[in-house]
Structures are given as C-alpha cells and as structure tokens.
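*Asks:* Before I ask anything, let me first share the structure, which is written out below as structure tokens.
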Amino acid sequence: MTKSDLQENFRNRFHKEPTHFFFCPGRVNLIGEHIDYNGGKVMPCAISFGTYLAIAKNTDKKLNFQCLNFSETAELHLQSSYSKTGREWFNYPLGAIHHILQNDHAISGLDMLFYGDLPIGTGLSSSASIEVLTAYAISEMFELSISKTDIALLCKKVENEFIGLNSGIMDQFAVAMGKKDKAILLNCDTLEYEYLPFEIGDYVLAIINSNKQRALAESKYNERFAECGAALKLLKKEIEANHLCDIDSATFNAHRHLIKDAVLEKRALHAITENERVKEAKLALEAGDLKKFGMLMYASHQSLKELYEVSGKELDTIVEFSSNYKDCIGARMTGAGFGGCAIALVKKESFNDFSKQLIPYYKERIGYEPQVFASKIGDGVRDMS
Ligand code: GLA
C-alpha cells in the first residue's frame, strides 16, 4: 500500500482529500518478556511493519473511523468522553481520543482511514500501534505538544482503563520511541531508557507468525498479572521491594519459602531471572557477542514455557526447529504469547532455506502453516505528510 493508494481510498470514501498521513510501527521484544508490569527492564525494537493513517478534520462534529482491513466502520458524534463498545477494532483509536479528551484537550470532528500491514493480534503490538498512531496524529494536528513518552503513557491507560488489559508500558513506548537499527533498553519502573546498537551483521531478524488464534489471551494475561502481584505480596513480608524485578535471584532464593504456592513461585522465578537475562543481553550486545545473545533468547523461551506457561505447542515447535537449525543462533516467543509470533536470528544467506524447511516441519506437527518474514528495525511513530 503506497501513500497514494491510501489517499485514493480516502478520497473514495470521504469525497475529499486527507490533509495528513501518519505511520506507527509494530514492535518485537528481543528479550525481557512479561516483566514490564513487574518493574523490569525490557529490550523491544520497532519494526518496519505497522499502521498507516490518512486523516482530515471535518466540521460536522463527527468522528468517522474506517479501516481497509476491516469492514466495520463507526460514525460517532463528538462528545467529551467515550466508553468501549463491543470488541471492534475502532475501540483502540477511540480509546486514545477518549484519553486525550480526558486531559482537557479540545479537538474537532475527524475523518480517519486506517490501514495496517502488521498481522493483527499476533503479538507484534498492532493495538499499541493504532493507539499511539491516533494519539500522535491528534497531538500533531491540534498542536497539543504531547511528548512521545506522554503519548506512550496515555496509550497504556487506553489498554488498562478503556480496553481492560493490565498491560505494561513496553509496547506503547517501543512503537512511539523506536529508532532505526537500535534496540531500546527500557527501565519500566523509572522509564529511563537508552538505545543499544542492534548490529546483527550477517544475520536477519526472522519473525514467525504461528497463525494460532489467541483465544482467551486477555484473561490469561490478566491472570499472570494478578499472580505476580500475589507472589510479591508474600515476598514483601521479609523483603523490601516495590516490584518483583527489584529482587535478585540470590535474595529470592533465600526467601522463596514464603511463597507456599508452587505456581506463584514459578511465576516469580521467571520474572526475576528474565530481568537478569536482560542485563546479560545488554552486555552481550555491547560486546558484539551475538551468540551469547542468542543463547539468552533460548533461555528466555524456556522460562516462558516452563515457569510462566505462556508459550504453547505452536511457539515451542518453532523454537525447537530453530534450535536445531544450523544457521540459527537464537529464537524465542515474543510478546504476550498464547500463540502469536516467535523471533529468530538466522544467517542472512540461509533465511530462505530456514523458511522453506520450517514451514513443512510446522505444518506436519500443527496442521497449518506459519508465516515467516524478515523485518528491519525501524523508527517509531512519524508524520508522513
Ligand atoms: C503484551 C503487553 C506488554 C507486555 C508483553 C509481554 O505485549 O502489552 O505490556 O507485558 O505482552 O512482555
């Protein structure tokens, strides 16, 4: 889809020209999974796929939401607040508008046409992408001067309060603040961040969509969130900590007896060791030691599978294949899990062969094909007008 295709579609639907174009990427998380809501450090990066928006103001006090990927549309009167209606796609941009209005910013009616080339609901943050895209577009068009960090925080509220998912800040921050060829090391407690070189030389970052429908993912996600809170509460009887990730492995081992429930103990152990893996991964990247980085990816997957139990046979099959493939040095599920995508570091020259072998291997075991593609690491949300 080119800008002129989107422009033409906008013209056909709204019988006028769009005045602005914006783009917001999706993200992959390289390592540091399910620890953003535990005050940990994560390492996401923005990818080259994402969501596009062609937009223009209108004078009829209407918010018109249309999307080339979905047939459902919405035409709403401009009000001072909104609430979620059903499970339609437009709840995400509507939530962003609701939270902008809650901050006492005034806007006019808007005609909006969205298009995404990101596989939707597959753990690549299609929801953060459309939320941040909408908030950024409105901030630019109405000169609201909301910083990108504040846009990320506002869109986290959209997930937590408007949509009802207790997610952390990682996705919104990554798609807002991404930088070409850089991984973001984000401290999710303080929001301090730095860009790390993600120079993978002879390798490509492969994204493998398991194509598994993520049924019940939201309730299981909220369940993990609650389990971590419960484990922390027990540990706090003897340890001073605001988050699970404030605790190191040694301290945890000395106090884990406080958690009598084996499931809660596993969840806490994942969060604490995953946070430590991120620190090691940063050192590996800085030392240019991609092999070490890859080993940490496998270890992260293992922990998400055994301790956090958010993987599943589809993602495990992809990682198992990758770990036996000669020119792959690391692989893991990425994002919330329960289906969705895995990532792998594969030698450039072997990428086609990797894909050619993985597809039948997966199909034979799972019954349908995965989608394999290579992605570049790109910039965060931007004006393309
Ligand atoms: C989802 C959430 C994030 C994060 C990941 C797991 O993508 O939106 O906040 O918790 O899952 O790391």
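The values are calculated or read from the model by the stated rules, or taken from the named source; none is laboratory data. Quantities reported herein were computed from a predicted structural model and do not represent experimental measurements. A quick note on method: Cβ atoms are made from the backbone with ideal geometry, for glycine too, and the neighbour counts reach across all protein chains shown. Surface accessibility is based on the protein's heavy atoms, side chains included, excluding ligands, DNA and RNA. Shrake-Rupley method; radii C 1.70, N 1.55, O 1.52, S 1.80 Å.
*Asks:* Being in a helix (DSSP H, G or I) and modelled with pLDDT of 95 or more: is that true of Val310 here? Outline the logic, then answer.
*Replies:* Working: in a helix (DSSP H, G or I): no; modelled with pLDDT of 95 or more: yes.
No.
*Asks:* In segment 58-82, which residues are over 23 Å from the mean Cα position of the chain (by Cα) and not in a strand (DSSP E or B)?
*Replies:* Matches in segment 58-82: Thr59, Asp60, Lys61, Leu78, Gln79, Ser80, Ser81, Tyr82.
*Asks:* Could you please find all residues in segment 189-221 being hydrophobic (A, V, I, L, M, F, W, C) and surrounded by 15 or more Cβ atoms within 10 Å (Cβ to Cβ)?
*Replies:* Listed by number, the residues that qualify are Leu196, Phe198, Ile200, Val204, Leu205, Ala206, Ile207, Ile208, Ala217.
*Asks:* Write out, first by first residue and then by second, each pair whose Cβ atoms fall under 7 Å of each other, whose residues are 6+ apart or on separate chains, and whose first residue, in segment 11-22, is in contact (Cβ under 8 Å) with a residue 12 or more places away in the chain and within 11 Å of Ala56 (Cα to Cα) while the second is among the small types (Gly, Ala, Ser) and part of a loop (DSSP other than H, G, I, E, B).
*Replies:* His20/Ser385; Phe21/Ser385
*Asks:* Just one of (1) farther than 27 Å from Lys212 by Cβ; (2) without any contact (Cβ under 8 Å) to a residue 24 or more places away in the chain; (3) buried (at least 16 other Cβ atoms within 10 Å of the Cβ) trips up Leu290, so point out which.
*Replies:* It is condition (2) that Leu290 fails.
*Asks:* Here's another thing I want to ask about it. Scanning for something part of a loop (DSSP other than H, G, I, E, B), under 23 Å from Lys182 (Cα atoms), of a type in the set (Val, Ile, Thr) and under 24 Å from the mean Cα position of the chain (by Cα), does segment 338-357 turn up at least one residue?
*Replies:* The answer is no; no qualifying residue exists.
*Asks:* When residues of segment 230-251 are filtered for being open to solvent by less than 60 Å² (accessible area, probe 1.4 Å) and either touching a residue at least 24 places away in the same chain (Cβ under 8 Å) or closer than 13 Å to Ile272 by Cα (or both), how many remain?
*Replies:* Result for segment 230-251: 12.
*Asks:* For residues that are within 11 Å of the ligand (Cβ to nearest atom) and closer than 17 Å to Leu191 by Cα, scanning just segment 153-163, find the one that is least open to solvent (accessible area, probe 1.4 Å).
*Replies:* Cys155
*Asks:* Further question: Just checking, which of Leu232, Leu258, Leu269 is modelled with pLDDT of 95 or more, more than 28 Å from the chain's Cα centre (by Cα) and of a type outside the set (Asp, Glu)?
*Replies:* Of the residues listed, the single one that is modelled with pLDDT of 95 or more, more than 28 Å from the chain's Cα centre (by Cα) and of a type outside the set (Asp, Glu) is Leu258.
*Asks:* Here is a further query. Considering only residues that are among the small types (Gly, Ala, Ser) and touching a residue at least 12 places away in the same chain (Cβ under 8 Å), look in segment 130-152 and name the one that is nearest to the ligand (Cβ to nearest atom).
*Replies:* Within segment 130-152, the match that is nearest to the ligand (Cβ to nearest atom) is Ala152.
*Asks:* Any residue in segment 44-52 that is touching a helix residue (DSSP H, G or I) at 6+ places or on another chain (Cβ under 7 Å) and among the β-branched types (Val, Ile, Thr)?
*Replies:* Scanning segment 44-52 turns up at least one residue that is touching a helix residue (DSSP H, G or I) at 6+ places or on another chain (Cβ under 7 Å) and among the β-branched types (Val, Ile, Thr).
*Asks:* Something else about it: Kindly provide the set of residues from segment 113-129 that are among the small types (Gly, Ala, Ser) and away from the ligand (no atom under 13 Å from the Cβ), ordered by number.
*Replies:* Gly116
*Asks:* Does Lys212 count as in a loop (DSSP other than H, G, I, E, B), away from the ligand (no atom under 13 Å from the Cβ) and either free of Cβ contacts under 8 Å to residues at least 40 places away in the same chain or of a type outside the set (Gly, Ala, Ser) (or both)? Please lay out each step first, then the result.
*Replies:* On the way: in a loop (DSSP other than H, G, I, E, B): yes; away from the ligand (no atom under 13 Å from the Cβ): yes; either free of Cβ contacts under 8 Å to residues at least 40 places away in the same chain or of a type outside the set (Gly, Ala, Ser) (or both): yes.
In short, yes.
*Asks:* Say whether the condition of being part of a helix (DSSP H, G or I), of a type outside the set (A, V, I, L, M, F, W, C), at pLDDT 95 or above and under 29 Å from Ile184 (Cβ atoms) is met by at least one residue in segment 37-57.
*Replies:* Yes: one or more hits.
*Asks:* For segment 32-45, give me each residue that is near the ligand (Cβ under 10 Å from one of its atoms) and on the phi > 0 side of the Ramachandran plot. Break it down into steps so the answer makes sense when it comes.
*Replies:* Here is the first cut: in segment 32-45, the residues near the ligand (Cβ under 10 Å from one of its atoms) are 32-38, 40, 42, 44.
Result: Gly32, His34.
*Asks:* Ok, one more. Return the residues of segment 8-31 that are surrounded by fewer than 22 Cβ atoms within 10 Å (Cβ to Cβ) and either within 16 Å of the ligand (Cβ to nearest atom) or farther than 21 Å from Glu131 by Cα (or both); say none if nothing qualifies.
*Replies:* The answer is Glu8, Asn9, Arg11, Asn12, Arg13, Phe14, His15, Lys16, Glu17.
*Asks:* Scan Thr85, Thr73, Thr59 and give me the residue that is in contact with a helix residue (DSSP H, G or I) (Cβ under 8 Å, 6 or more places away or on another chain), more than 16 Å from the ligand (Cβ to nearest atom) and open to solvent by 60 Å² or more (accessible area, probe 1.4 Å).
*Replies:* Residue meeting the stated conditions: Thr85.
*Asks:* Mind counting the residues in segment 164-186 that are within 14 Å of the ligand (Cβ to nearest atom) and modelled with pLDDT of 95 or more? Lay out the reasoning, then the answer.
*Replies:* Pass one, segment 164-186, residues within 14 Å of the ligand (Cβ to nearest atom): 164-176, 184, 186.
After this cut, where a residue has to be modelled with pLDDT of 95 or more as well, the list is 168-176, 184, 186.
Adding up the residues that qualify gives 11.
*Asks:* Also, quick follow-up: How do the pairs read when you match residues in segment 316-334 that are outside any helix (DSSP H, G or I) with residues anywhere that are among the basic types (Lys, Arg) and modelled with pLDDT of 95 or more, using Cβ under 6 Å and keeping only pairs 6 or more apart or on different chains?
*Replies:* Asp327/Lys347; Ile329/Lys291
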